[in-house]
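Okay, so here's the structure we're looking at.
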Amino acid sequence: MYNMSWMVKFQKYFFLSVAFLLGSIIPLYGNVFNFLLLILVIFMLWKRKSKVWESLLAERLYIGVNVVFLLYFIVHTVAVLLKGNPIAEPSYGTFEALILNFVLIPVWVATWREWITPGLIKKFLLYFCSGCLLLNIYILFLVVGNKLFTSPGEALEYLYNNRFGENRYVLGSKYWLEVQAMLLAVSALVVYFLLIIEKAWKKRGLLLCMFGVLVVFLSFTVTKSAILGFLLGFIVMNFYLFRKLSFKRQFLFVGGALVFVLSLTLLMDLNKYEERIHEVGIEVQNVREGKFVGGTVAPRLAFIKESFRHWDEFALWGLGVTTKHRIKAWYEASDLNIAVFNNVNNTFLQYWITAGLVGLAVMIFLFFAPLYRMIKRKRFSFLILSVLLVFLVVSNSCVTLSWANSRALMLIFLAMFYFYGDMFSQLENDIPQEEKPSI
């Protein structure tokens, strides 16, 4: 009994450690985390075999879909290799993603069932946001250096002119701007959620400060998809909150929201956003004229157009292990000015090309299964809806589930939302009406 309780306690500490690292280090060194997780799951199967299998059987549908995806890819690869003369050079990196993320992560998340509680989920969310905040504070110092202390005015001017708007090396690893922005958007929404459900005023003050800083950091990325996802999620949360408040608190809420928006407008330099809007307008006009020139909308539309020119190659079965080099060949031969790119910048289309209708079906399942379970059980969570909106919007502008930087993060959250959606709902609905804060 002592050994078993020690094992559960270890899993809880590991769970909270992963939460902090998920917002900070794991997006930089995801592969290291994958192998540590593999060792842990094997150890748990050895020590607590019956409990682990019981947890896995409880969520066999979700895990089974990912296993079928892996098996399909194996069969597809064997068929391609036996056929001979593949359409492009094979690349086997997808196997690592399928085994160490798509299968392993849901298995690990399912094993939490024995000890997970709404309180632990709340701590997990707070640790995750703290990790994201600290990493972005570190990036802030990478951008402005010690000028933040020696010459604050000059540092702020430099920051507003340059923002976080580029991919950069952080702690020795490439950190994609889209992933950074997505983490900031999710963290800001989660902190806002924690602010809503928190009862202690001192903690509310701390969470409000965290929320403000995360939103400002998100604005520094000037990344349209993540900002749009955040705004949609924020609207969903506030719609839910507004309905829960009394008329008096609704009035105070609207006043507080206006003050918050005005404060952001005063603090933020909107020139960068005006430039981006102008750039998008020019690109849209160019596309209408048949010229795919630009670095935002134009290439993404070109990726889709060029990919569907080769519809007959991937529509049913996918390209499998030849996907990477075949897409590159399409783009190099294209007349749409996309020769320097090597992926379709859309998660759903990427996995459709990779694994045909099976790949597309799995992507739709992963993103919408939590929503389906909420509807089926009639236990809704506005946090789940909000974060899913961020994932969906960002996934339609980049290949989030193909990058090691973002894959583990998203698959952990998606599995949590599906397996433990009732606990998220409980966190929201167990708060008495009079305890709802008028933020």
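The values are calculated or read from the model by the stated rules, or taken from the named source; none is laboratory data. Because the structure is predicted, anything quoted here is derived from the model rather than measured. Here the Cβ is made from the backbone with ideal geometry for all residues, glycine too, and neighbour counts use every protein chain on show.
Look through the range 312-351, keep the residues that are among the small types (Gly, Ala, Ser) and touching a helix residue (DSSP H, G or I) at 6+ places or on another chain (Cβ under 8 Å), and return whichever of them is surrounded by the most Cβ atoms within 10 Å (Cβ to Cβ). Here the answer is Gly320.
Ser263: farther than 30 Å from Leu159 by Cα and either at pLDDT below 70 or under 26 Å from the mean Cα position of the chain (by Cα) (or both), yes or no? So Ser263 fails the test.
Among the residues examined, Thr354 does not qualify as hydroxyl-bearing (Ser, Thr, Tyr), crowded, with 23+ Cβ neighbours inside 10 Å and farther than 28 Å from Leu82 by Cα. Please determine whether any residue of the range 419-431 is among the β-branched types (Val, Ile, Thr), in contact (Cβ under 8 Å) with a residue 12 or more places away in the chain, surrounded by fewer than 21 Cβ atoms within 10 Å (Cβ to Cβ) and outside any helix (DSSP H, G or I). The answer is yes, given that some residue of the range 419-431 is among the β-branched types (Val, Ile, Thr), in contact (Cβ under 8 Å) with a residue 12 or more places away in the chain, surrounded by fewer than 21 Cβ atoms within 10 Å (Cβ to Cβ) and outside any helix (DSSP H, G or I). Working only within the range 74-124, note down all residues that are surrounded by 16 or more Cβ atoms within 10 Å (Cβ to Cβ), under 30 Å from Phe20 (Cβ atoms) and among the hydroxyl-bearing types (Ser, Thr, Tyr). The answer is Thr94, Thr111.
Across the range 109-119, what is the total count of residues that are in a helix (DSSP H, G or I) and either under 13 Å from Val8 (Cα atoms) or touching a strand residue (DSSP E or B) at 6+ places or on another chain (Cβ under 9 Å) (or both)? Number of matching residues: 4.
Only a single criterion out of (1) crowded, with 23+ Cβ neighbours inside 10 Å; (2) in a loop (DSSP other than H, G, I, E, B); (3) of a type in the set (Ser, Thr, Tyr) is not satisfied by Ser397, namely (1). Taken together, the residues in the range 328-357 that are small (Gly, Ala, Ser), within 19 Å of Val297 (Cβ to Cβ) and part of a helix (DSSP H, G or I) amount to 0. Scanning the range 90-108 for residues that are among the β-branched types (Val, Ile, Thr) and not in a helix (DSSP H, G or I) yields a count of 0. Determine if the range 232-241 includes at least one residue that is out of contact with any Leu (no Cβ under 9 Å at 6 or more places or on another chain) and either within 29 Å of Val143 (Cβ to Cβ) or modelled with pLDDT under 70 (or both). No, the range 232-241 contains no residue that is out of contact with any Leu (no Cβ under 9 Å at 6 or more places or on another chain) and either within 29 Å of Val143 (Cβ to Cβ) or modelled with pLDDT under 70 (or both). Looking across the range 26-73 at every residue that is touching a residue at least 24 places away in the same chain (Cβ under 8 Å) and of a type in the set (S, T, N, Q), the one that is surrounded by the fewest Cβ atoms within 10 Å (Cβ to Cβ) is identified as Asn31. Where helices (runs of 4 or more DSSP H) sit wholly within the range 135-235, those with at least 1 residues that are touching a residue at least 40 places away in the same chain (Cβ under 8 Å) and of a type in the set (Asp, Glu) occupy 177-197.
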